[in-house]
Structures are given as C-alpha cells and as structure tokens.
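J.: Below you'll find the structure I mean.
The values are calculated or read from the model by the stated rules, or taken from the named source; none is laboratory data. None of the values given here were measured: they were computed from a predicted structure. Cβ placement follows ideal geometry from the backbone for every residue including glycine, while neighbour counts extend to all protein chains displayed.
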Amino acid sequence: MTAAAFTIRDADDADMPGIRDIYNDAVANTTAIWNEQQVDTANRIAWAAARRALGYPVLVAECGGTVAGYASFGDFRAFDGYRHTAEHSIYVDGRFRRMGIARALLQALEPRARAAGKHVLIGGIEAGNAASITLHAALGYREVGRLPEVGRKFDRWLDLVFMQKTLD
C-alpha cells in the first residue's frame, strides 16, 4: 500500500472492532504481543475504559475510515514509586505499516504522558523487532535493558528490550 493521509485522534467505542482486529492479528501472527488468547470487542471496550478511567489516552490512527493503528500507555509497575513512569503500546495494521503511523502515534502519546504527570515513557520490545527498535531510537529512546529469554511464544524463547525516553 502506498502512503496515505491519516488522522490521529482519541478512540471511541466505535473504533474497538478495528482495535480488536489489530490486537488479534498481533496475537496470532507476531511476537509484538506475548499473549496467546484472542479477545472480543467487549474486552477492548473494557480495556479502553480502564485506561481512560486512569486518565490515560487510547489513540487511533484513522486512514480512509479504517482504524490503521492504535496506541496507549499505562502504569509501568503497580507501586507508588513508579507513578511517574508509563509503558506504551503501539500497534499498526499490517496493511498500513511503513507509512509513518507508528511514529505519529508515539509522538502523539508523549505530550499526553507529560500532561498526565509522567516523567519517563518506556517501550518493552521483543529483541527481534528491529523496526520498532529503530523507530524508538530515531525518536530519542535509548536501550536501557535487555532481558534474555523472559518470554515464550511460537515455541521459542524471546528476549525483551526496554527502551526509555525522559520526557522533561
């Protein structure tokens, strides 16, 4: 697919089937998500509602009326001392990759994280995902940790790379 115009905006419940489809594709076909169970639309509605209840955004990239990608962030760890750190998630429909959508979503998350009182954003990336690691590095994230063989999917061990950006 060639480059197309897209809009980044807050997601609403009408976007959840598109978010569900992107999520389920990542579950079934990639190591971007280390879950193995697919979800239904109700699950994604509940997930988005929980994020919003905490004051965290759920953003979508819309291209020609289609949800082409989505992004959010959540608490990094559930202890008070981590309250100024968030971990983000960004997923793009395979038909819309390499069009700048992931970059735009990540750039849109950063001011939202600042507004939510976050000092640091973290990306947890499967070590073999060179495109995501390259994107994060290009946007000022640096690798701060590598955890070998902490995950397993598709009958193989996976390494986790943490990339971090200080926001202020």
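J.: Could you say whether any residue in segment 158-167 is at pLDDT 95 or above, farther than 14 Å from Glu87 by Cα and either assigned to a strand (DSSP E or B) or in contact with a helix residue (DSSP H, G or I) (Cβ under 7 Å, 6 or more places away or on another chain) (or both)?
T.: There is at least one residue in segment 158-167 that is at pLDDT 95 or above, farther than 14 Å from Glu87 by Cα and either assigned to a strand (DSSP E or B) or in contact with a helix residue (DSSP H, G or I) (Cβ under 7 Å, 6 or more places away or on another chain) (or both).
J.: May I ask you to verify whether Asn43 is assigned to a loop (DSSP other than H, G, I, E, B), without any contact (Cβ under 8 Å) to a residue 24 or more places away in the chain, farther than 24 Å from Gly140 by Cβ and not basic (Lys, Arg)? Even if it seems obvious, please write down each step before you answer.
T.: Values: assigned to a loop (DSSP other than H, G, I, E, B): no; without any contact (Cβ under 8 Å) to a residue 24 or more places away in the chain: yes; farther than 24 Å from Gly140 by Cβ: yes; not basic (Lys, Arg): yes.
It is false that Asn43 is assigned to a loop (DSSP other than H, G, I, E, B), without any contact (Cβ under 8 Å) to a residue 24 or more places away in the chain, farther than 24 Å from Gly140 by Cβ and not basic (Lys, Arg).
J.: Same structure again: Give me the residue from segment 55-83 that is in a loop (DSSP other than H, G, I, E, B), hydrophobic (A, V, I, L, M, F, W, C) and at pLDDT 95 or above and, out of that set, nearest to the chain's Cα centre (by Cα).
T.: Selected residue: Phe76.
J.: If we scan segment 82-98, do we find a residue that is more than 26 Å from Arg9 (Cα to Cα) and surrounded by fewer than 17 Cβ atoms within 10 Å (Cβ to Cβ)?
T.: From segment 82-98, those more than 26 Å from Arg9 (Cα to Cα) are 82; that's our starting set.
From the residues that got through so far, the ones that are surrounded by fewer than 17 Cβ atoms within 10 Å (Cβ to Cβ) too are 82.
Yes, the conditions are met somewhere in segment 82-98.
J.: Those residues that are in contact (Cβ under 8 Å) with a residue 60 or more places away in the chain, of a type in the set (Gly, Ala, Ser), under 22 Å from Gly151 (Cα atoms) and not in a helix (DSSP H, G or I), I need them from segment 85-135; list them, please.
T.: The answer is Gly128, and nothing else.
J.: So, one more: Can you pull out the residues in segment 46-56 that are in contact (Cβ under 8 Å) with a residue 40 or more places away in the chain and surrounded by fewer than 20 Cβ atoms within 10 Å (Cβ to Cβ)?
T.: Within segment 46-56, just Gly55 meets the criteria.
J.: Still on this structure, I have one more. I'm trying to understand the selection: among the residues of segment 19-35, which are touching a Lys or Arg at 6+ places or on another chain (Cβ under 7 Å) and either assigned to a loop (DSSP other than H, G, I, E, B) or loosely packed, with under 14 Cβ neighbours inside 10 Å (or both)?
T.: Correct list: Thr31, Trp34.
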